[in-house]
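K.L.:
I'd like to ask you about the structure that follows.
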Amino acid sequence: MSQLVDRFGRHIEYLRLSVTDRCDFRCVYCMSENPCFLPQDKVLSLDQLAWIAQAFTELGVHKIRLTGGEPLVRPDCVQLVSRLAQLPGLTELSMTTNGSRLNKLAQPLHQAGLSRLNISLDTLKADKFANLTRNGKLSRVVAGIDAAIAAGFERIKLNAVVLKGQNDDEVLDLVEFCRSRKLNIAFIEEMPLGEIDERKRSRHCSSDEVHDVISARYPLTLSDQRTAGPARYYSMADSPVHIGFISPHSHNFCHECNRVRVTVEGKLLLCLGNENAVDLKAIARAYPGDITRLKQAIIEAMALKPEAHRFDPDGEVQILRFMNVTGG
Ligand code: SAM
Ligand code: SF4
């Protein structure tokens, strides 16, 4: 049982660890076209990332997800995976990636001990993909997904952010893509993180709308599979594929939140929708190797975890961090 318990009795068992704020894509909902990335000296080193992960696992966290930015643009990412995979107490080490480098890296990641992959894919149309990511190549991502399957990853999940008027007409195509490859998929409501310069975030598409489109074709049964995460999963009668909905606007999931995040700057964030943070990098730099002090800071930080987030469905920006900085 985790030693990390907040004021509302929630046990924290899951860490999202951001390994970079950099990315080879510029997804319109995630970052601006010309983002200002952190200088190298502000970013956690491989040793600091491994040390922070060790502290969390010693406190009872048993799941870690590596994210970013795009984790695979970090040159030592496979090395990091093999270090973390050896931490006692860790039952699952996963990664969220845009898939663009999986063609090369899926096999080494699997060998290094990564247990699960989430791969982001919002559209199956090459021109739309290039627009939404501002420069990405769909064929590379699809090749990356196939490489991950070939490498032996099981229960791969796709993540699709649904934007009204952009890709909401592709919901069923994405479901078919997943059915043909036996991949799970989660449809995500866009969250208002960071000030997007080119447009207001007004294209909110609710999970209920997406659910209705799918269930008209494939009746969906609420699954009893629980992830203790924000997604609600459904199954179809004729396929092993699970379909999830992550609905920060329409279904509040805060009461069962079991996670915290550490940004690549070493800030421990207690909630995605809230600015409360504790600077773990400062501790790592001031007291290198003093894991007792680091663990104490993490335990004390639990008092800062808010009861719930609040996002405005009209897209009013409340949090000025971009998702690539926060660690999605
Ligand atoms: N680069 C990796 C990727 O795209 O999978 C990992 C980091 S990315 C920030 C993690 C997830 O956050 C992706 O699935 C992405 O679609 C999602 N995301 C980014 N910005 C978002 C936003 N404003 N609202 C909802 N989801 C968002
Ligand atoms: Fe990069 Fe992922 Fe953000 Fe897209 S969602 S810009 S792939 S970090």
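The values are calculated or read from the model by the stated rules, or taken from the named source; none is laboratory data. The model shown is predicted, which means the values in this text are computed figures rather than measured ones. Here the Cβ positions follow ideal geometry from the backbone for every residue, glycine too, while neighbour counts run over all protein chains shown. All accessible areas refer to the heavy atoms of the entire protein, side chains included, with ligands and DNA or RNA removed. Shrake-Rupley method; radii C 1.70, N 1.55, O 1.52, S 1.80 Å.
K.L.:
On the accessible surface of the chain, probed at 1.4 Å, how many percent belong to carbon and sulfur atoms?
P.N.:
Roughly 50 percent, rounded to a whole number.
K.L.:
OK, next. Cα axis of helix 46-58 to longest principal axis of the chain: angle in degrees, 0 to 90, nearest 10?
P.N.:
Helix 46-58 sits at roughly 90 degrees to that axis.
K.L.:
Whose amide H sits under 5 Å from the amide H of SER239, counting only residues 5 or more places off or on another chain, with H placed in the peptide plane?
P.N.:
none
K.L.:
Another question, then. Please report, in Å, the Rg and the Dmax of segment 15-135, where both are computed over Cα atoms only.
P.N.:
15.0, 46
K.L.:
Order of 156-166, 5-15 by packing, highest average Cβ count within 10 Å first?
P.N.:
Highest-to-lowest ranking by the protection proxy: 156-166, 5-15.
K.L.:
Another question, if that's okay. Could you bin all the Cα-Cα distances of the chain into 20 Å bins starting at 0 and give me the percent of pairs in each, rounded to whole numbers?
P.N.:
It works out to 32, 62, 6, in whole percents.
K.L.:
Also, I was wondering about something else. May I ask which of LYS42/LYS104; LYS182/LYS267; LYS63/LYS164; LYS137/LYS305 have a Cα-Cα span longer than 31 Å here?
P.N.:
Long pairs (Cα-Cα over 31 Å): LYS182/LYS267; LYS63/LYS164; LYS137/LYS305.
K.L.:
Hey, what number do you get for the chain at 222 nm if only DSSP H runs of n ≥ 4 count, each worth -39500 (n - 2.57), divided across all residues, to the nearest 500?
P.N.:
So the calculated ellipticity at 222 nm is -9000 deg cm²/dmol.
K.L.:
Still on this structure: Charges on Cβ only, +1 for Lys and Arg, -1 for Asp and Glu, centred on the Cα centroid of the chain; of ILE185, ILE243, VAL61, which one is farthest towards the dipole's positive end?
P.N.:
VAL61
K.L.:
At a 10 angstrom cut-off on C-beta neighbours, averaged per residue, how do the peptides 115-121, 139-145 rank from highest to lowest?
P.N.:
My ranking of the peptides, most packed first, is 115-121, 139-145.
K.L.:
Find the accessible area per residue for the chain; the probe is 1.4 Å, ligands and nucleic acids are left out, and the unit is Å².
P.N.:
42 Å²
K.L.:
Could you tell me how many degrees, from 0 to 90 and to the nearest 10, lie between the Cα long axis of helix 207-217 and the main elongation axis, the longest principal axis, of the Cα atoms of the chain?
P.N.:
40 degrees
K.L.:
Would you calculate the separation in nanometres between label points at ASN131 and PHE253, each defined as 7 Å from the Cα along the Cα-to-beta-carbon direction?
P.N.:
2.9 nm
K.L.:
Placing +1 at every Lys and Arg Cβ and -1 at every Asp and Glu Cβ, with all other atoms neutral, what dipole size does the chain have around its Cα centre, in debye to the nearest 20?
P.N.:
720 debye
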